[in-house]
Amino acid sequence: MSGPHRLPETAPARFGAAIDRTEPIGFRLDGRPRTGLYGDTLASALLAGGRTVFGRSPLLGRPRGLTALGFDDAAAWAAAEGERDLRPADELVLSEGATFRTVPAWRAGPSLALGARAGFGPESRLPSLGRRLFERVSRQAALPIATTRELPPRMAARFESCDVLVVGAGLAGLAAAKAARSAGLDVRVAEASLRPGGLADLYDGTIDGLPAAAWVAQTAGDLADAGALWLGTRALQVDRSGSAHLLERVRGQLGLLRVAAQLVVVASGWRERPLPFADNDRPGVMLATTARALLRRHAVAPGVRVVVATTGDEGYRTAVDLKDAGVEVEMILDARDDPQGPAVDVAKAAGVSMSFASVATGVETDKSGERLKAVRAANRDGAGLGARTLFADALVVSGGLAARSELGEAGDRVIVAAAGFNARDALAGGAAAGAEAARRLEVGLASAPPVAEIPADEPDGGLDLYMAGLDAQAARTAFVDFGADVTAADVAEAAAMGVDGPQVMARWLGLGRGLDGGGAAAGLPQAAFGRIHGEAPSPAGPVQGPRWTLAALAAAASVEPY
């Protein structure tokens with residue numbers, strides 16, 4: 001073991017597939033020595049060591065923990081030695097002697113968090129009246145001027161061309177690339193993460209007779225051998241003309257890659273949504289897929305005693321994994337009335353306690369607000385009936401799945417893969433997109449789609465199961481955009497002031513201005529707005545992708561004359 005949250009070596013072999021317990025690694029974070037295991041990421045090593053706080057919210061200075069994976073997390077970002085830009089801690093793989101900073105050297109100086117600037121520390125230490133005044137002033141006051149000590153270096157740029165560019169190397173993207181290549185097309189695949197396959201390794205079952213992770217390794221390996229897989233390459237913009245601008249990492253620095261393709265297949269998949277309840281941003285609250293990834297890849301548990309709150313099957317899968325790993329699962333709170341299906345049956349067989357038509361209404365923490373002590377729960381439609389306190393040091397949540405839509409819509413030269421919300425649908429949608437690319441370019445027939453033996457999910461209950469019971473008091477700390485410090489109460493206030501549409505609301509409240517671009521809580525602002533106006537909750541909301549910088553614009557001009 002390398003920390004209080006690392007699973008013991010006696011845990012089942014499927015937990016910790018990415019690490020080598022026999023090879024400890026030493027690294028430094030902000031000058032302080034730390035330890036992890038070979039295969040750990042910065043995020044998994046810190047969580048294994050018992051760290052709960054990964055950052056502070058940008059406006060209110062509230063402590064924040066690890067919530068989501070990769071670029072969807074709003075707080076857990078750092079910079080590796082020699083790099084100028086922040087990256088998600090889940091994407092920073094440890095190596096012996098590595099050095100990381102939570103604030104890049106060129107950005108050192110005044111903090112952008114008003115709480116840190118004002119010297120208040122955690123706002124939860126203020127009395128109630130002082131905390132409300134602090135939050136109001138924070139939202140009205142101008143942020144400090146960001147300063148840099150040196151100009152950023154010129155960004156390298158290069159040009160590539162191909163028949164088909166696939167954006168995303170999850171199950172849908174790999175299936176699309178495989179289908180298009182089988183028809184004889186020249187294919188390139190760009191994946192923002194350093195790990196192909198997305199969340200395939202978190203699901204049991206087989207693809208073409210192979211375990212899902214093995215199928216991913218085989219398919220991604222074929223692409224890599226052909227020089228057609230670009231990992232760590234994030235789409236900046238996809239034009240309807242078929243051209244795309246990507247950000248790639250060249251010797252530790254960002255570079256611009258412009259790709260001219262006859263067709264672009266967008267297979268960016270989906271993201272998991274959190275749940276809206278009081279203090280849903282506190283350290284110790286984590287998405288179900290994030291908790292399951294930490295378990296299966298790094299043998300790291302989110303806590304010692306865990307409550308799971310869910311509106312769908314993802315929560316059950318994670319609860320079963322936690323139980324199998326030896327973590328105490330206090331209870332599953334399912335907001336649905338009578339959930340059925342394989343995931344629920346497996347959880348019942350594992351002996352996990354569960355309560356239907358029940359929701360998490362808030363959490364209790366220590367005085368610093370940095371460690372979770374208990375979860376408050378109640379009946380979904382009981383106006384406080386069935387209120388109870390469940391003692392736990394972690395809360396795993398799942399508010400359903402939302403499609404990633406930040407790269408735009410389909411067009412004559414852009415195909416959006418219908419990824420669906422489970423592994424089988426992702427494979428089928430990706431294969432269909434690859435076959436459609438072959439049809440449009442009038443080449444040979446694509447191969448048959450992969451055969452997946454993976455259980456499908458039951459219908460998700462939706463965010464409205466939580467939004468309907470969110471009272472005015474809880475809405476004050478029910479965050480709907482973690483990176484921008486926007487709560488459900490802010491959405492209600494904007495609606496009361498006459499903001500009359502989701503897009504106007506996004507501009508009014510500054511949604512998506514955090515490091516995550518709004519990805520950590522995709523769909524929550526729109527669900528809150530729709531609830532106020534009596535509209536159906538939006539399944540997803542606009543997310544801000546990587547932003548154009550002056551360096552990127554200059555690099556684009558060097559490969560694409562205007």
Signed unit charges on C-beta, dipole axis of region 175-214, positive-most listed residue G209, L199, L185: L185
For peptides 198-209, 438-449, sequence by mean Cβ density within 10 Å, most packed first: 198-209, 438-449
Nearest-20 debye value, region 23-93 charge dipole, Cβ charges on Lys, Arg, Asp, Glu: 420 debye
Listed residues D20, D337 arranged by accessible area, highest first, probe 1.4 Å: D337, D20
Separation of alpha-carbon centers, region 352-429 and region 1-78, rounded to whole Å: 22 Å
By average C-beta atoms within 10 angstrom, highest first, the peptides 160-166, 80-86, 348-354: 160-166, 80-86, 348-354
Size of charge dipole - region 255-339 - debye, nearest 20, with Cβ of Lys, Arg +1 and Asp, Glu -1, no other charges: 540 debye
Anchor K367: aspartates and glutamates whose Cα lies under 20 Å away (excluding residues fewer than 8 positions away in-chain): E123, E135, D279, D281, D393
Gyration tensor (alpha-carbon) shape descriptor, region 387-500, a/c threshold 1.5: oblate
Surface accessible to a 1.4 Å probe, per residue, for the residues of the chain, Å²: 41 Å²
V259 - accessible surface, heavy atoms, 1.4 Å probe, Å² rounded to 10: 0 Å²
Surface share of carbon and sulfur [accessible, 1.4 angstrom probe, percent] for region 183-292: 49 percent
Over the chain: helical MRE at 222 nm, DSSP H runs n ≥ 4 each giving -39500 (n - 2.57), nearest 500: -7500 deg cm²/dmol
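With a ≥ b ≥ c taken as the square roots of the eigenvalues of the C-alpha gyration tensor of the chain, please select rounded if a/c is under 1.5 and otherwise prolate if a/b is larger than b/c or oblate if it is not?
Cα axes put the chain in the rounded bin.
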Phi to ³J(HN,Hα) by Karplus 6.51 cos²θ - 1.76 cosθ + 1.60 over region 345-361, Hz, x for Gly, Pro: 4, 5, 5, 5, 5, 7, x, 7, 5, 8, 9, 8, 6, 10, 9, 7, 10
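The values are calculated or read from the model by the stated rules, or taken from the named source; none is laboratory data. Predicted model, so just to flag it, every value in this text is computed and none were measured. In this analysis, Cβ positions are derived from the backbone assuming ideal geometry, glycine residues included, and neighbour counts consider all displayed protein chains. These accessible areas exclude ligands, DNA and RNA; they are computed on the full protein's heavy atoms, side chains included. Shrake-Rupley method; radii C 1.70, N 1.55, O 1.52, S 1.80 Å.
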